[in-house]
1. Could you work out how much longer the chain between ASP101 and ALA51 gets when fully extended? Use 0.36 nm per residue separation minus the Cα distance between them, nm to one decimal.
2. Would you work out which of MET118, GLY61, PHE193 lies farthest towards the positive end of the dipole of region 2-200, given +1 charges on the beta-carbon of Lys and Arg and -1 on that of Asp and Glu, about the Cα centre?
3. Can you tally the net charge around ASN96? Count Lys and Arg as +1, Asp and Glu as -1, for every other residue whose Cβ sits under 12 Å from the Cβ of ASN96.
4. For the peptides 5-11, 71-77, what is the packing order when you average, over each peptide's residues, the other Cβ atoms within 10 Å and list the highest mean first?
5. Assuming 0.36 nm per residue, please report the length gained on full extension of the stretch ASP166 to LYS79 beyond their Cα-Cα distance.
6. Could you work out how far the C-alpha centroid of region 122-201 sits from that of region 49-81, in angstrom?
7. Please find the FRET efficiency linking ASN180 to ARG22, where r is the Cβ-Cβ separation and R0 is fixed at 25 Å, and quote it to the nearest 0.05.
8. Determine the alpha carbon to alpha carbon distance for each of LYS105/LYS197; LYS68/LYS168; LYS14/LYS197; LYS68/LYS125 and list only those over 23 Å.
Amino acid sequence: MLRVGLTGSIAVGKSFVCEIFRELGCHVLDADQVARDVVKPGTQGLARIIAEFGDSVIAKGGELDRAKMAAVVFADEEKRLLLNSIIHPLVFEAQNAWLADREAKDPNGIAIVDAALMIESAGYKRFDQLVVVWCEPDIQLARLRLRNDLPEDEAKKRIAAQMPQDEKKRYADLLIDTSNGFEDTRRQVREVFEKLKLSLD
């Protein structure tokens, strides 16, 4: 089985790219979903977050208040690193279990793990190929503001808290540029898929 890491900064279109890969027959794991699962009520992850950050980041229903948590960690680098140190090992464990399961069921398949912080966490080293999704900075800013309903300065702060796109691109085996809309992105995903299939042979 070919193990593929897929990453990119906030609001560059990773979800759409993953959708196309799924349509093409790849197994795709959304790391954001995994990151949500490992901090569900009753999990070790959520217990550790409460121990470090207190109850103020917990919603009335007992689950993690992601908006409050984001406000805390995007404003404080040390707290962001602390949160990552709690979540990353749990996410890696869940990803590895998923990859092992995919490999057992489809040894000749392509398994893609989508994770925003794959390079920063050094998680990309576990994969055969790394795909980096990116777009022009002004488009990224506009998409983030629209998607999260953020003022410009807050959106810029969130983008600045991540590794610059140009730096991420240097790690890539394959690149997908989503700047020119859905159809152009779809074409590029198909091209990358064909290249990945060649790696399986």
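Taken together, the values in this text are just the output of simple stated rules run on the coordinates, not laboratory data. All values reported here derive from a predicted model rather than from experimental measurement. So basically every Cβ, Gly included, is an ideal-geometry build from the backbone, and we count neighbours across all protein chains shown.
1. 14.8 nm
2. Projecting each Cα onto the dipole axis, the largest value belongs to PHE193.
3. Value of the local net charge: 0.
4. Those peptides, ordered most packed to least, come out 5-11, 71-77.
5. In short, 28.8 nm is gained.
6. When both Cα centres are located, 26 Å separates them.
7. That pair, ASN180 with ARG22, gives E of 0.70.
8. Table pairs above 23 Å Cα-Cα are LYS68/LYS168; LYS68/LYS125.
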